[in-house]
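These notes concern the structure reproduced below.
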Amino acid sequence: MEKKVDMSVNIAGLRMKNPVVAASGTFGFGREYSAFFDISKLGGIAVKGLTLKPRKGNPPPRIAETPVGILNSVGLQNPGVHAFIRDEIPFLRRYDTAIIANACGNTVEEYEEMAEILSDADVDAIELNLSCPNVKEGCMAFGSTASGMTQVVSRVRKHCRKPLIVKLTPNVTDICEIACAAEAAGADAVSLINTVLGMAIDVKTRRPVLGNVMGGLSGPAVKPIALRMVYQVSKSVKIPVIGMGGISNGTDVVEFLLAGASAVMIGTAGLVNPYAWVEAIDGLELYMEENGFRSVSELTGALIV
């Protein structure tokens, strides 16, 4: 039976069966969630942030629950890019879903090397992480200024032979300026927002709750900020925008698409509901059927202002 709606999207050469992607970080490499549902249902998986060498991450405690969200300070714990290629890609290729490698670095040269390595690997796109607030060097330091963004993206572009998505931090004065710099430097798409820098304090001990003092806030609490920034950026750039930040269900997905996103990523919601991604896909499809939208692209930017 032919489907009533076309859920597929093409993000600068990255083809996906639907616009819902598991966001980098909370989904790991998909192994744990594959016990709950068939991850082939996902449009794509943005894997846990990768570095050249294995990384132990930040000291514990790493997670603090907050009203309508969580603070995390994991610090990019990962097995390293070579272990990912060897051990995780073969697992992920069992499933019919796009693989997006999230690349991190401490120096411009490390980002260049990561792009070179991942361009030769069996991944479908590279998400350049220039926005993680939980590491002391690299990442957000590059992504917080237009000049830093230009420097890294322009140099990575020369080594990247896959669709290049640049992940943006919300912890800036003007995110549109940063997005435009990424576009001008060669980004094929931008994804936003990463977590909002925050902290929590234990009044009994008079100490920070997180071992790293500060961490990234995610979950429904940041959704209005994310929605606003996606709307602004989509008006400022011509490249596709992938929206994220507090998305929990199909209605949230529709909101981000209306605001200008061409696809979305869901992360923290899966810690509360491991079926959040599947339910969001079903919710989006139902909305499209009930409201006469034949394709996802018809929804993108269809906000009536």
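The values are calculated or read from the model by the stated rules, or taken from the named source; none is laboratory data. Predicted model only: the values in this text are computed from it and were never measured. Please note: Cβ atoms are built from the backbone with ideal geometry, for glycine as well, and neighbour counts cover all protein chains shown. In case anyone asks, the SASA skips ligands and DNA or RNA and just uses the protein heavy atoms, side chains included. Shrake-Rupley method; radii C 1.70, N 1.55, O 1.52, S 1.80 Å.
Do we find that Arg86 is open to solvent by 20 Å² or more (accessible area, probe 1.4 Å) and without any contact (Cβ under 8 Å) to a residue 24 or more places away in the chain in this structure? I'd like the intermediate steps shown before the answer.
Values: open to solvent by 20 Å² or more (accessible area, probe 1.4 Å): yes; without any contact (Cβ under 8 Å) to a residue 24 or more places away in the chain: yes.
Spelling it out, Arg86 is indeed open to solvent by 20 Å² or more (accessible area, probe 1.4 Å) and without any contact (Cβ under 8 Å) to a residue 24 or more places away in the chain.
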Could you give every pair whose Cβ atoms fall below 6 Å, whose first residue belongs to the stretch 200-213 and is in contact (Cβ under 8 Å) with a residue 24 or more places away in the chain, and whose second residue is of a type in the set (Ser, Thr, Tyr), counting only separations of at least 6 or pairs across chains?
Leu210/Ser73; Asn212/Ser73
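Residues that are more than 16 Å from Gly43 (Cα to Cα): which strands (runs of 3 or more DSSP E) entirely in the stretch 195-305 hold 2 or more of them? Step through it out loud before you land on a result.
Working: elements: 196-199, 214-218, 241-244, 263-266.
Correct list: 196-199, 214-218.
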Residues of the stretch 63-83 being in contact (Cβ under 8 Å) with a residue 60 or more places away in the chain, more than 19 Å from Val47 (Cβ to Cβ) and not hydrophobic (A, V, I, L, M, F, W, C), in sequence order, are Thr66, Pro67, Gly69, Ser73
What residue, among those in the stretch 263-305 that are open to solvent by 30 Å² or more (accessible area, probe 1.4 Å) and among the hydroxyl-bearing types (Ser, Thr, Tyr), is farthest from Ile70 (Cα to Cα)?
Ser297
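Output the number of residues of the stretch 14-45 satisfying the condition of being open to solvent by 40 Å² or more (accessible area, probe 1.4 Å) and either at pLDDT 95 or above or more than 28 Å from Cys160 (Cβ to Cβ) (or both). Working first, answer last.
Pass one, the stretch 14-45, residues open to solvent by 40 Å² or more (accessible area, probe 1.4 Å): 15, 17, 26, 31-32, 35-36, 38, 41.
From what's left, either at pLDDT 95 or above or more than 28 Å from Cys160 (Cβ to Cβ) (or both): 15, 17, 31-32, 35-36, 38, 41.
So the count comes out to 8.
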